[in-house]
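Beneath this line is the structure, given in structure tokens, with notes to follow.
The values are calculated or read from the model by the stated rules, or taken from the named source; none is laboratory data. Remember, it's a predicted structure, so these values are computed and weren't measured experimentally. Quick reminder, even Gly has a Cβ in these numbers, built from the backbone with ideal geometry, and neighbours come from all protein chains shown. Areas reflect the complete protein model, heavy atoms only, side chains present, ligands, DNA and RNA absent. Shrake-Rupley method; radii C 1.70, N 1.55, O 1.52, S 1.80 Å.
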Amino acid sequence: MAEFLSDTFPPNVNLEHKNNINKSITYVEFASIDKAFVLHMVIHKALFRRCAMNITKRGDVWHLRRRVPKGYASVDPRREVVISLRTGSETLAREKAPVLWAEQVEVWEAMLDGDTEDAEARFAAAKRFAKARGYRFLDARKVARLPVQELLARIDLVASDEMRDPLGADSLLGGAELPLITVSRALELFWGLARDKTLGKSADQVRRWRYPHIKAVQNFIAVVGDKPLDDLTRDDFLDFRDWWAERMASERLTANSANKDLTHLSAVLKRVNRDKRLGLELPLEDLGFRQGKAARRPSFSDAWVRDRLLAPGALDGLEPQARAILLVMVNTGLRPSEIAALRPEEIRLDDPIPHLLLQPIGRVLKTQNAERVMPLHEVSLAAMRAFPDGFSRYRESSATLSATVNTYLRDAGLLESERHSLYSLRHAFEDRMLAAEIDERIRRDIMGHALGRERYGEGGRLATIAALLEPIAF
């Protein structure tokens, strides 16, 4: 009942009034809903009378007159404010009063935000102040080029009694200075501005998303220094490109490595420039390197998997959860990170057909095609039965998984060549499916790949997929 009575408070009722009314209503027992409704109407009628905006008429125009709240005394020393409602109609004046009061509160809030030595905060406050007053923030050069009528209107407002804070001039006449944002500071700002990029991601996914941005910015600073963004020149970016060209030649790195750095650096600087409305010209175009044909990751041969990797005792020295993840890969071709991130509810070992049901639980899947079902056979099923709740050791730190496995395989002589790695098991699994003449649509569904055309129907059902994979399972 308390919720019923308090849901429709007048918009200008303050929190204290609401709380007091709610406390009173909580202790009232109603004999009928009719009495409750009557009390509801009485309370609200009284509230509307008590909280109505105090408007007075001066000549032919109505004005709003209210005391300056104590919380804004530091930025507005007046005891009360009088705001013209710009109408001779009392009805229209009462409609406009709450809106103009809200705008005045927004102005005070902007003043509070601007009452700081922090250049970024003051710059943001100046833009907010201008918006609250119905103007667009412009720097001083653009303000000077405004039509005379708008320029005079801005000057008149700054000079009026209503404008008692220096932020008014900073805001309406472009006096606020562009904050000094260095490259390292841009990275700090980027995390907050790019929050949309991490929605739904697990802690491990966020860490892996952040790392290449950090690396790119650190590399750039090491080459050109931690300069303010507005001091960056085309030569700075070309120097960074030249540094990468030398590394590619001396360290035999691929163009892909360099282009990733350039892409992530560009993402940081462009996002900050746009979202902070800095209006800088950042010469970031045409810096990438032409990429040659990407080297295809080799797959393990069937004989190597069967006779070396799965030989008795071959993997005994490998950390148990890492070993189990490797064995799950053998007959599923799942990505190592997909297996490491499995939640208990995605592991269906007691079903008639034991399987994994990959879903975006606590994380974001790599693509929409990565949400799929995967039957378990032979060594993969046995490995999952040993860890029915998943792999807690690597669930939030899958990056260490590949390093752990690859180091072990290399030291134990279990890599078929220097170019092989844990991920080669995924390629080996697809090669086995291809050799078994499994339909391409089903292969793509199993691997979590895009089909390249619209998908019709449900694709291979669990029983069908399980039957197709059983003959090729180790």
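Which pairs have Cβ atoms under 7 Å, sit 6 or more apart or on different chains, and link a residue in the stretch 393-408 that is closer than 15 Å to His420 by Cα and in contact (Cβ under 8 Å) with a residue 60 or more places away in the chain to one that is in a helix (DSSP H, G or I) and of a type in the set (Gly, Ala, Ser)?
That search, which allows pairs on different chains as well, returns Thr404/Ala322; Val405/Ala322.
Please go through the stretch 164-188 and pick out each residue that is open to solvent by less than 20 Å² (accessible area, probe 1.4 Å), under 18 Å from Arg277 (Cβ atoms) and modelled with pLDDT under 90.
Across the stretch 164-188, the qualifying residues are Leu167, Ser171, Leu172, Gly174, Ala176, Pro179, Ile181.
Would you say Trp209 is out of contact with any Pro (no Cβ under 7 Å at 6 or more places or on another chain) and either farther than 30 Å from Ala341 by Cβ or open to solvent by 80 Å² or more (accessible area, probe 1.4 Å) (or both)? Show your work before the answer.
Values: out of contact with any Pro (no Cβ under 7 Å at 6 or more places or on another chain): yes; either farther than 30 Å from Ala341 by Cβ or open to solvent by 80 Å² or more (accessible area, probe 1.4 Å) (or both): no.
The answer is no for Trp209.
Going through the stretch 299-331 one residue at a time, which ones are among the small types (Gly, Ala, Ser), under 17 Å from Ala386 (Cβ atoms) and part of a helix (DSSP H, G or I)?
Ala322, Ala324
Given the conditions (1) under 27 Å from Lys142 (Cβ atoms); (2) in contact with a helix residue (DSSP H, G or I) (Cβ under 6 Å, 6 or more places away or on another chain), report the number of the one that Phe220 does not fulfil.
Unmet for Phe220, out of (1) under 27 Å from Lys142 (Cβ atoms); (2) in contact with a helix residue (DSSP H, G or I) (Cβ under 6 Å, 6 or more places away or on another chain): (1).
Suppose the filter is touching a Leu at 6+ places or on another chain (Cβ under 8 Å) and surrounded by fewer than 16 Cβ atoms within 10 Å (Cβ to Cβ); does Asp242 pass it?
On the way: touching a Leu at 6+ places or on another chain (Cβ under 8 Å): no; surrounded by fewer than 16 Cβ atoms within 10 Å (Cβ to Cβ): yes.
Considered against the rule, which asks whether it is touching a Leu at 6+ places or on another chain (Cβ under 8 Å) and surrounded by fewer than 16 Cβ atoms within 10 Å (Cβ to Cβ), Asp242 comes out as no.
Output yes when any residue across the stretch 225-233 is open to solvent by less than 80 Å² (accessible area, probe 1.4 Å) and in a helix (DSSP H, G or I), and no when none is. Steps first, answer last, please.
Here is the first cut: in the stretch 225-233, the ones open to solvent by less than 80 Å² (accessible area, probe 1.4 Å) are 225-229, 232-233.
Among the residues that remain, those that are also in a helix (DSSP H, G or I) are: 229.
The answer is yes; a qualifying residue exists.
A quick yes/no check of all residues on (1) touching a residue at least 12 places away in the same chain (Cβ under 8 Å); (2) in a loop (DSSP other than H, G, I, E, B); (3) over 15 Å from Arg185 (Cβ atoms):
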position: Ala258; (1), (2), (3): yes, no, yes
position: Leu262; (1), (2), (3): yes, no, yes
position: Leu269; (1), (2), (3): yes, no, no
position: Val272; (1), (2), (3): yes, no, no
position: Arg277; (1), (2), (3): yes, yes, yes
position: Glu281; (1), (2), (3): no, yes, yes
position: Glu285; (1), (2), (3): no, yes, yes
position: Gly288; (1), (2), (3): yes, yes, yes
position: Arg297; (1), (2), (3): yes, yes, yes
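Out of the residues in the stretch 364-391 that are open to solvent by 30 Å² or more (accessible area, probe 1.4 Å), in contact with a helix residue (DSSP H, G or I) (Cβ under 7 Å, 6 or more places away or on another chain) and modelled with pLDDT under 90, state the one that is nearest to Gln205 (Cα to Cα). Show your work before the answer.
We begin by selecting, within the stretch 364-391, every residue open to solvent by 30 Å² or more (accessible area, probe 1.4 Å); these are 364, 366-369, 371, 373, 378-379, 381-382, 385-389.
Subset that is in contact with a helix residue (DSSP H, G or I) (Cβ under 7 Å, 6 or more places away or on another chain): 364, 373, 378-379, 386-387, 389.
Still in the list and also modelled with pLDDT under 90: 364, 373.
Details: Val364: 8, Val373: 22 Å.
This residue is Val364.
Report yes if some residue within the stretch 248-261 is open to solvent by less than 60 Å² (accessible area, probe 1.4 Å), at pLDDT 90 or above and touching a Gly at 6+ places or on another chain (Cβ under 6 Å); otherwise report no.
Within the stretch 248-261, one or more residues are open to solvent by less than 60 Å² (accessible area, probe 1.4 Å), at pLDDT 90 or above and touching a Gly at 6+ places or on another chain (Cβ under 6 Å).
What's the total number of residues in the stretch 422-457 that are open to solvent by 20 Å² or more (accessible area, probe 1.4 Å), at pLDDT 85 or above and assigned to a loop (DSSP other than H, G, I, E, B)?
4
Go through the stretch 392-408 and count every residue that is open to solvent by 50 Å² or more (accessible area, probe 1.4 Å) and assigned to a loop (DSSP other than H, G, I, E, B).
1
Taking the stated definitions as given, is Val148 over 30 Å from Thr233 (Cα atoms) and either modelled with pLDDT under 80 or surrounded by 13 or more Cβ atoms within 10 Å (Cβ to Cβ) (or both)?
Working: over 30 Å from Thr233 (Cα atoms): yes; either modelled with pLDDT under 80 or surrounded by 13 or more Cβ atoms within 10 Å (Cβ to Cβ) (or both): no.
Spelling it out, it is not the case that Val148 is over 30 Å from Thr233 (Cα atoms) and either modelled with pLDDT under 80 or surrounded by 13 or more Cβ atoms within 10 Å (Cβ to Cβ) (or both).
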